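Following: one structure in C-alpha coordinates, then a few remarks.
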Amino acid sequence: MGRLFDDAELELVRRFYDFDLDEKEMESFQKRMEEDEAFAEEVEHFGAAYLMTDKLLSDNPDDLPPPDLDKITLPKPPPPASGGAKKRNGWLLPALIGFALLCAAVWYFTKDAGPDPDAIYADVSSYSDVMINDVLRGEEDTTTTVPPEAARLQAIIQGDEAGKVKALEGYVKSVTDPVYSEPAHWALTEAYLKNKDLEKAKSLLEKIIANPDFNSANKAKKILDMF
(Lines give C-alpha, C1' and ligand atoms only; values in the text may rest on other atoms or scores of the structure.)
Protein backbone atom coordinates (compact mmCIF):
# COMPACT_ATOMS: atom_id res chain seq x y z
CA MET A 1 0.00 0.00 0.00
CA GLY A 2 1.52 3.29 -1.07
CA ARG A 3 -1.43 5.68 -1.23
CA LEU A 4 -4.37 7.09 0.70
CA PHE A 5 -7.90 7.88 -0.40
CA ASP A 6 -8.87 11.50 -0.69
CA ASP A 7 -12.36 12.49 0.47
CA ALA A 8 -13.98 11.92 -2.91
CA GLU A 9 -12.35 8.50 -3.30
CA LEU A 10 -13.35 7.48 0.21
CA GLU A 11 -16.98 8.34 -0.48
CA LEU A 12 -16.82 6.45 -3.78
CA VAL A 13 -15.44 3.32 -2.10
CA ARG A 14 -18.07 3.46 0.64
CA ARG A 15 -20.80 3.68 -1.98
CA PHE A 16 -19.23 0.74 -3.81
CA TYR A 17 -19.50 -1.49 -0.72
CA ASP A 18 -23.01 -0.17 -0.03
CA PHE A 19 -24.08 -1.15 -3.59
CA ASP A 20 -24.94 2.49 -4.26
CA LEU A 21 -23.10 3.05 -7.56
CA ASP A 22 -25.08 3.42 -10.75
CA GLU A 23 -24.13 1.49 -13.88
CA LYS A 24 -21.83 4.18 -15.27
CA GLU A 25 -20.07 4.72 -11.95
CA MET A 26 -19.62 0.97 -11.47
CA GLU A 27 -18.08 0.61 -14.93
CA SER A 28 -15.66 3.47 -14.22
CA PHE A 29 -14.82 2.09 -10.78
CA GLN A 30 -14.06 -1.40 -12.07
CA LYS A 31 -11.91 0.02 -14.85
CA ARG A 32 -9.84 1.96 -12.36
CA MET A 33 -9.48 -1.13 -10.17
CA GLU A 34 -8.02 -2.98 -13.17
CA GLU A 35 -5.65 -0.18 -14.13
CA ASP A 36 -4.51 1.07 -10.70
CA GLU A 37 -3.01 -1.72 -8.61
CA ALA A 38 -2.37 0.48 -5.56
CA PHE A 39 -5.97 1.75 -5.62
CA ALA A 40 -7.32 -1.80 -5.92
CA GLU A 41 -5.21 -2.96 -2.96
CA GLU A 42 -6.42 -0.05 -0.82
CA VAL A 43 -10.04 -0.79 -1.78
CA GLU A 44 -9.61 -4.41 -0.72
CA HIS A 45 -8.15 -3.49 2.69
CA PHE A 46 -10.82 -0.88 3.27
CA GLY A 47 -13.60 -3.25 2.28
CA ALA A 48 -12.57 -5.97 4.73
CA ALA A 49 -12.60 -3.56 7.64
CA TYR A 50 -15.69 -1.63 6.48
CA LEU A 51 -17.86 -4.72 6.10
CA MET A 52 -16.70 -6.16 9.41
CA THR A 53 -17.54 -2.90 11.20
CA ASP A 54 -20.94 -2.78 9.55
CA LYS A 55 -21.67 -6.33 10.68
CA LEU A 56 -20.49 -5.63 14.22
CA LEU A 57 -22.84 -2.67 14.57
CA SER A 58 -25.75 -4.23 12.69
CA ASP A 59 -29.22 -4.87 14.09
CA ASN A 60 -28.38 -8.56 14.61
CA PRO A 61 -25.08 -8.52 16.52
CA ASP A 62 -26.02 -11.69 18.41
CA ASP A 63 -24.99 -13.65 15.32
CA LEU A 64 -21.39 -12.65 15.97
CA PRO A 65 -19.07 -14.71 18.17
CA PRO A 66 -17.19 -12.69 20.82
CA PRO A 67 -14.01 -11.31 19.23
CA ASP A 68 -10.60 -12.27 20.57
CA LEU A 69 -9.43 -8.76 21.45
CA ASP A 70 -5.86 -10.00 21.92
CA LYS A 71 -5.76 -10.88 18.22
CA ILE A 72 -6.97 -7.48 16.98
CA THR A 73 -3.72 -5.72 16.05
CA LEU A 74 -3.06 -2.54 14.17
CA PRO A 75 -1.02 -2.68 10.93
CA LYS A 76 2.63 -1.69 11.25
CA PRO A 77 3.99 1.11 9.01
CA PRO A 78 6.08 0.00 6.02
CA PRO A 79 9.88 0.42 6.16
CA PRO A 80 11.41 3.57 4.58
CA ALA A 81 11.89 3.47 0.83
CA SER A 82 15.37 3.13 -0.65
CA GLY A 83 17.56 6.23 -0.59
CA GLY A 84 16.16 7.32 2.79
CA ALA A 85 12.88 8.65 1.38
CA LYS A 86 9.84 7.42 3.24
CA LYS A 87 6.89 5.98 1.44
CA ARG A 88 3.59 7.81 1.71
CA ASN A 89 1.70 6.68 4.81
CA GLY A 90 -0.62 4.26 3.08
CA TRP A 91 -0.83 2.27 6.32
CA LEU A 92 -2.60 5.06 8.16
CA LEU A 93 -6.13 4.41 6.88
CA PRO A 94 -6.12 0.68 7.74
CA ALA A 95 -4.58 1.54 11.12
CA LEU A 96 -7.41 3.94 11.89
CA ILE A 97 -9.99 1.42 10.68
CA GLY A 98 -8.40 -1.26 12.88
CA PHE A 99 -8.54 1.04 15.87
CA ALA A 100 -12.20 1.85 15.13
CA LEU A 101 -12.94 -1.90 14.99
CA LEU A 102 -11.26 -2.41 18.35
CA CYS A 103 -13.27 0.42 19.92
CA ALA A 104 -16.49 -0.94 18.41
CA ALA A 105 -15.79 -4.42 19.78
CA VAL A 106 -15.02 -3.12 23.27
CA TRP A 107 -18.16 -0.92 23.20
CA TYR A 108 -20.42 -3.75 22.07
CA PHE A 109 -19.28 -6.26 24.66
CA THR A 110 -19.37 -3.77 27.56
CA LYS A 111 -22.50 -1.71 26.76
CA ASP A 112 -24.85 -4.20 28.43
CA ALA A 113 -22.75 -4.72 31.54
CA GLY A 114 -25.61 -3.34 33.63
CA PRO A 115 -25.60 -1.51 36.96
CA ASP A 116 -23.20 -2.23 39.80
CA PRO A 117 -25.50 -3.18 42.72
CA ASP A 118 -22.68 -2.99 45.27
CA ALA A 119 -21.76 0.58 44.29
CA ILE A 120 -25.41 1.66 44.32
CA TYR A 121 -25.97 0.00 47.71
CA ALA A 122 -22.93 1.70 49.22
CA ASP A 123 -24.11 5.13 48.04
CA VAL A 124 -27.70 4.63 49.22
CA SER A 125 -26.60 3.12 52.55
CA SER A 126 -24.36 6.08 53.29
CA TYR A 127 -27.08 8.60 52.47
CA SER A 128 -29.76 6.65 54.34
CA ASP A 129 -27.62 6.49 57.49
CA VAL A 130 -27.12 10.26 57.43
CA MET A 131 -30.86 10.94 57.08
CA ILE A 132 -31.87 8.48 59.78
CA ASN A 133 -29.23 9.76 62.20
CA ASP A 134 -30.16 13.39 61.54
CA VAL A 135 -33.87 12.92 62.25
CA LEU A 136 -33.39 10.75 65.34
CA ARG A 137 -30.64 12.95 66.77
CA GLY A 138 -32.78 16.01 66.13
CA GLU A 139 -35.65 14.55 68.12
CA GLU A 140 -33.36 13.69 71.03
CA ASP A 141 -31.94 17.23 71.09
CA THR A 142 -35.25 19.14 70.93
CA THR A 143 -37.74 17.07 72.92
CA THR A 144 -37.92 15.30 76.22
CA THR A 145 -40.30 12.72 74.80
CA VAL A 146 -39.47 11.08 71.46
CA PRO A 147 -42.50 11.22 69.11
CA PRO A 148 -44.06 7.82 68.36
CA GLU A 149 -43.14 8.06 64.66
CA ALA A 150 -39.48 8.57 65.56
CA ALA A 151 -39.52 5.84 68.20
CA ARG A 152 -41.13 3.41 65.79
CA LEU A 153 -38.62 4.20 63.04
CA GLN A 154 -35.73 3.80 65.45
CA ALA A 155 -37.06 0.44 66.59
CA ILE A 156 -37.32 -0.78 62.99
CA ILE A 157 -33.82 0.39 62.09
CA GLN A 158 -32.29 -1.24 65.16
CA GLY A 159 -34.50 -4.33 64.97
CA ASP A 160 -34.30 -7.73 63.36
CA GLU A 161 -32.86 -7.67 59.83
CA ALA A 162 -35.15 -10.50 58.69
CA GLY A 163 -38.28 -8.45 59.24
CA LYS A 164 -36.91 -5.02 58.36
CA VAL A 165 -38.23 -4.84 54.79
CA LYS A 166 -41.79 -5.73 55.78
CA ALA A 167 -41.69 -3.34 58.75
CA LEU A 168 -40.39 -0.45 56.65
CA GLU A 169 -42.98 -1.13 53.95
CA GLY A 170 -45.70 -0.84 56.56
CA TYR A 171 -44.09 2.31 57.98
CA VAL A 172 -43.91 4.23 54.68
CA LYS A 173 -47.54 3.37 53.97
CA SER A 174 -48.82 4.58 57.32
CA VAL A 175 -46.59 7.57 58.11
CA THR A 176 -47.15 10.65 55.94
CA ASP A 177 -45.08 13.23 57.80
CA PRO A 178 -42.09 13.84 55.48
CA VAL A 179 -39.80 14.38 58.46
CA TYR A 180 -40.05 10.65 59.13
CA SER A 181 -41.39 9.30 55.86
CA GLU A 182 -38.50 10.55 53.73
CA PRO A 183 -35.67 8.86 55.70
CA ALA A 184 -37.87 5.75 55.94
CA HIS A 185 -38.09 5.66 52.14
CA TRP A 186 -34.30 5.76 51.93
CA ALA A 187 -33.95 3.07 54.59
CA LEU A 188 -36.36 0.87 52.63
CA THR A 189 -34.45 1.55 49.40
CA GLU A 190 -31.28 0.44 51.20
CA ALA A 191 -33.01 -2.73 52.41
CA TYR A 192 -34.22 -3.57 48.90
CA LEU A 193 -30.71 -3.14 47.50
CA LYS A 194 -29.25 -5.27 50.26
CA ASN A 195 -31.63 -8.02 49.16
CA LYS A 196 -30.64 -7.43 45.48
CA ASP A 197 -34.22 -6.37 44.65
CA LEU A 198 -33.24 -3.70 42.10
CA GLU A 199 -36.69 -3.21 40.60
CA LYS A 200 -38.31 -2.37 43.93
CA ALA A 201 -35.41 -0.06 44.77
CA LYS A 202 -35.83 1.76 41.45
CA SER A 203 -39.58 2.09 41.98
CA LEU A 204 -39.06 3.59 45.44
CA LEU A 205 -36.48 6.06 44.14
CA GLU A 206 -39.00 7.19 41.55
CA LYS A 207 -41.53 7.78 44.36
CA ILE A 208 -38.97 9.87 46.23
CA ILE A 209 -38.41 11.97 43.11
CA ALA A 210 -42.15 12.42 42.56
CA ASN A 211 -42.94 13.47 46.15
CA PRO A 212 -42.97 17.30 46.35
CA ASP A 213 -42.60 17.19 50.15
CA PHE A 214 -39.25 15.40 49.97
CA ASN A 215 -35.96 17.30 49.69
CA SER A 216 -33.83 14.47 48.30
CA ALA A 217 -35.16 14.28 44.72
CA ASN A 218 -31.81 15.30 43.19
CA LYS A 219 -29.96 12.63 45.15
CA ALA A 220 -32.55 10.04 44.10
CA LYS A 221 -32.11 11.04 40.44
CA LYS A 222 -28.34 10.57 40.68
CA ILE A 223 -28.80 7.13 42.23
CA LEU A 224 -31.38 6.20 39.59
CA ASP A 225 -28.93 7.19 36.84
CA MET A 226 -26.52 4.56 38.19
CA PHE A 227 -28.96 1.85 37.09
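Listed values for the range 18-28 are Karplus-derived 3J(HN,Hα) couplings in whole Hz (6.51 cos²θ - 1.76 cosθ + 1.60, θ = phi - 60°), namely 8, 6, 10, 8, 7, 4, 5, 5, 5, 5, 5, and x replaces Gly and Pro.
Heavy-atom accessible surface of Ile132, to the nearest 10 Å², is about 10 Å², with a 1.4 Å probe and all protein chains retained. Coupling constants for the range 171-176 follow from the phi torsions by the Karplus curve (6.51 cos²θ - 1.76 cosθ + 1.60, θ = phi - 60°), and in residue order they are 5, 5, 7, 9, 9, 9 Hz; glycine and proline get x.
With the simple spin-label model, which puts each label point 7 Å out from Cα in the Cβ direction, the Lys194 to Met26 separation comes to 6.8 nm. In sequence order, the range 6-14 has phi-based couplings of 7, 4, 5, 5, 4, 5, 5, 5, 4 Hz under the Karplus curve 6.51 cos²θ - 1.76 cosθ + 1.60, θ = phi - 60°, and Gly or Pro positions carry x.
The values are calculated or read from the model by the stated rules, or taken from the named source; none is laboratory data. Bear in mind the structure is a predicted one, so any value in this text is a computation, not a measurement. Positions of Cβ are generated from backbone atoms using ideal geometry, with glycine treated the same way; all protein chains shown enter the neighbour counts. Side chains are part of the model used for accessible areas, which takes the heavy atoms of the whole protein and leaves out ligands, DNA and RNA. Shrake-Rupley method; radii C 1.70, N 1.55, O 1.52, S 1.80 Å.
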